[in-house]
Amino acid sequence: MKIQLSRIFTVAAIGFCAACVSAIPASAQNINGSFTVSHEIRWQNATLPAGHYTFYRASTARRSALIVTGPNGSVFELASVVSERKADGPSVLILERRDGTFFVSELDLTGMGLQLEYNVPNVPRNEKELAQGPASTEQILVAMAKN
């Protein structure tokens, strides 16, 4: 009986280790891409001028930072919400325009099945009452690099 119990625990431990090891490659997948903006944008606390940008994310793990490199150097952006969803269509950077300023609200990486949402400033209460509709949005195509 003692030998059988020992075998059961050994098989369970091997199965658990195999499950953990097989999950590592999915979360260790690098994400590389690029996009070009024709005007200045705000990405959380950073202001990025018009130009060509590349980005890199070390993994698909939820708390992994996105490194965006462009004409003025690099910035680190941490998404406020990361969700996995499969969708058709191209990968896009979604900008919200408010009072003439463009803010990055999402980076949809459809090929990777990831949607990264970023903080944008709240609209003041008095502006909400004056607004005729939602803030306008713009989509910028994102080119994904092959790993």
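Where a number appears in this text, it was derived from the coordinates with a stated rule and is not lab data. Keep in mind the model is a prediction, meaning the values are calculated, not measured. Every residue, glycine among them, receives a Cβ derived from its backbone with ideal geometry; neighbour counts consider all protein chains shown.
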| note | Quick note on SER136, SER74, ordering by fewest other C-beta atoms within 10 Å, gives SER136, SER74
| query | What is the dipole size for region 29-144, taken about its Cα centre, with +1 at each Lys and Arg Cβ and -1 at each Asp and Glu Cβ, in debye to the nearest 20? | reply | 280
| note | Ranked from fewest to most other Cβ atoms within 10 Å of their own Cβ, SER64, SER83, SER91 fall in the order SER83, SER64, SER91
| task | Give a residue-ordered list of calculated ³J(HN,Hα) values for region 58-63 (Karplus: 6.51 cos²θ - 1.76 cosθ + 1.60, θ = phi - 60°; whole Hz; x for Gly, Pro). | result | 5, 7, 8, 4, 4, 9
